[in-house]
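Engineer: Here it is, the structure, as structure tokens.
The values are calculated or read from the model by the stated rules, or taken from the named source; none is laboratory data. All values derive from a computational prediction rather than experimental measurement. Cβ sites come from the backbone with ideal geometry, for glycine too, and all protein chains shown count toward neighbours. Note: areas computed on protein heavy atoms with side chains; ligands, DNA, RNA excluded. Shrake-Rupley method; radii C 1.70, N 1.55, O 1.52, S 1.80 Å.
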Amino acid sequence: MTKADIQLVRALADKRGRTEHGLFVAEGEKLIGELRTSHLGVRKIFALEGLFSGPEVEVVGTKEMERLSLLKTASNSLALVEIPHYGLDMRALAGRLTLALDDVQNPGNLGTIVRLADWFGIADIVCSEASADCFNPKVVQATMGAILRVRVHYTDLGAFLHDAGAAGLPVYGTFLEGDDIYRTQLSPTGIVLMGNEGRGVTPACAAQVTRKLFIPPYPAERHATESLNVAMATGIVCGEFRRQASAKAGK
């Protein structure tokens with residue numbers, strides 16, 4: 001392991017470095033094992049002895065891993081992975097449920113949402129350009145491998161939602177003044193918009209929403225917490241969409 005290797009890994013902790021090199025960092029034996037069998041290109045692996053073999057693997061010691069790792073507690077392996085680039089085709093989204101994230105900026109929230117998307121069979125997440133970078137090391141670790149199966153796109157979200165509506169896709173969003181999600185008939189396909197942790201959905205995106213939803217507290221008349229964490233709310237919303245779709249399919 002060289003000084004240049006350490007400098008490269010450190011550079012990849014920053015979005016500018018990831019963009020410049022076209023690489024991101026993944027850590028841990030399980031995640032790297034999944035990466036090696038995925039469609040993503042693994043450029044280099046630094047690992048303790050006995051974990052991996054192959055031409056891209058460099059065996060390092062514990063002290064060297066501590067110098068390389070971007071985690072609070074050093075992992076036993078670290079990989080440099082090529083950042084994938086996915087096309088965003090509105091026609092391909094027509095028969096699916098898709099998540100849209102409006103300036104979700106906390107890496108932990110984004111990572112959890114990617115993991116939720118994978119759990120609920122949602123293949124694409126469309127993010128505003130101000131959302132957290134899905135290849136931030138904290139996001140990658142929080143996805144628990146889901147980043148390998150979920151395509152994350154960055155675009156002008158207001159324009160994307162406008163085009164989705166024009167293409168006939170329903171655009172759902174969560175709002176305090178929305179309809180009770182448990183009393184609303186949901187379509188099995190469309191776009192589900194989730195807002196920023198602090199200010200919710202931006203006006204430009206809100207203008208494109210065709211159906212506003214609300215997650216009620218229980219019981220409905222009880223005074224409760226002002227709002228839910230965006231990742232938690234995403235899980236509830238996705239679960240209700242899939243529950244209704246399964247109920248309809250079972251009829």
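Engineer: If residue 8 meets every condition in (1) open to solvent by 30 Å² or more (accessible area, probe 1.4 Å); (2) assigned to a loop (DSSP other than H, G, I, E, B); (3) in contact (Cβ under 8 Å) with a residue 24 or more places away in the chain; (4) of a type outside the set (D, E, K, R) apart from one, which number is that one?
Structural biologist: Failed condition: (2).
Engineer: Right, residue 212: under 30 Å from residue 26 (Cβ atoms), of a type in the set (Lys, Arg) and not in a loop (DSSP other than H, G, I, E, B) or not?
Structural biologist: Working: under 30 Å from residue 26 (Cβ atoms): no; of a type in the set (Lys, Arg): yes; not in a loop (DSSP other than H, G, I, E, B): yes.
Judged against the criteria, residue 212 is not a match.
Engineer: Another question about this same structure. Residues in region 163-207 that are assigned to a loop (DSSP other than H, G, I, E, B), touching a helix residue (DSSP H, G or I) at 6+ places or on another chain (Cβ under 9 Å) and under 21 Å from residue 110 (Cβ atoms): how many?
Structural biologist: Residues in region 163-207 being assigned to a loop (DSSP other than H, G, I, E, B), touching a helix residue (DSSP H, G or I) at 6+ places or on another chain (Cβ under 9 Å) and under 21 Å from residue 110 (Cβ atoms): 3 in total.
Engineer: Looking at (1) in contact (Cβ under 8 Å) with a residue 60 or more places away in the chain; (2) open to solvent by less than 10 Å² (accessible area, probe 1.4 Å); (3) more than 30 Å from residue 10 (Cβ to Cβ), which is the only condition residue 181 fails?
Structural biologist: (1)
Engineer: Within the group 70, 101, 93, which residue is of a type outside the set (Val, Ile, Thr), touching a residue at least 60 places away in the same chain (Cβ under 8 Å) and touching a Pro at 6+ places or on another chain (Cβ under 7 Å)?
Structural biologist: Among 70, 101, 93, only 70 is of a type outside the set (Val, Ile, Thr), touching a residue at least 60 places away in the same chain (Cβ under 8 Å) and touching a Pro at 6+ places or on another chain (Cβ under 7 Å).
Engineer: Go through region 189-212 and give me each residue that's in contact with a Leu (Cβ under 8 Å, 6 or more places away or on another chain) and open to solvent by 70 Å² or more (accessible area, probe 1.4 Å).
Structural biologist: Scanning region 189-212 gives no hits.
Engineer: Still on this model: For residue 232, all conditions in the list (1) farther than 29 Å from residue 87 by Cβ; (2) open to solvent by less than 70 Å² (accessible area, probe 1.4 Å); (3) not in a strand (DSSP E or B) hold save one; what is the number of the exception?
Structural biologist: Of everything listed in (1) farther than 29 Å from residue 87 by Cβ; (2) open to solvent by less than 70 Å² (accessible area, probe 1.4 Å); (3) not in a strand (DSSP E or B), residue 232 misses just condition (2).
Engineer: Looking only at residues in region 37-67 that are in a helix (DSSP H, G or I) and free of Cβ contacts under 8 Å to residues at least 12 places away in the same chain, which one is nearest to residue 144 (Cα to Cα)? Break it down into steps so the answer makes sense when it comes.
Structural biologist: So in region 37-67, the residues in a helix (DSSP H, G or I) come out as 62-67.
Adding the requirement that they be free of Cβ contacts under 8 Å to residues at least 12 places away in the same chain leaves 63, 66.
Numbers: 63: 25, 66: 21 Å.
Ranking the qualifying residues of region 37-67, first place goes to 66.
Engineer: How many residues are open to solvent by 50 Å² or more (accessible area, probe 1.4 Å) and not in a helix (DSSP H, G or I) when one looks only at region 14-34?
Structural biologist: 1
Engineer: Oh, and also: Are any residues in region 35-65 surrounded by 14 or more Cβ atoms within 10 Å (Cβ to Cβ) and of a type in the set (Gly, Ala, Ser), and if so, which ones?
Structural biologist: 38, 41, 47
Engineer: Could you give me the residue pairs with C-beta distances under 7 Å whose first residue belongs to region 196-217 and is at negative phi, whose second residue is open to solvent by 30 Å² or more (accessible area, probe 1.4 Å) and part of a helix (DSSP H, G or I) wherever it lies, and which are 6+ apart or on separate chains?
Structural biologist: 208/162; 208/165; 210/165; 215/236
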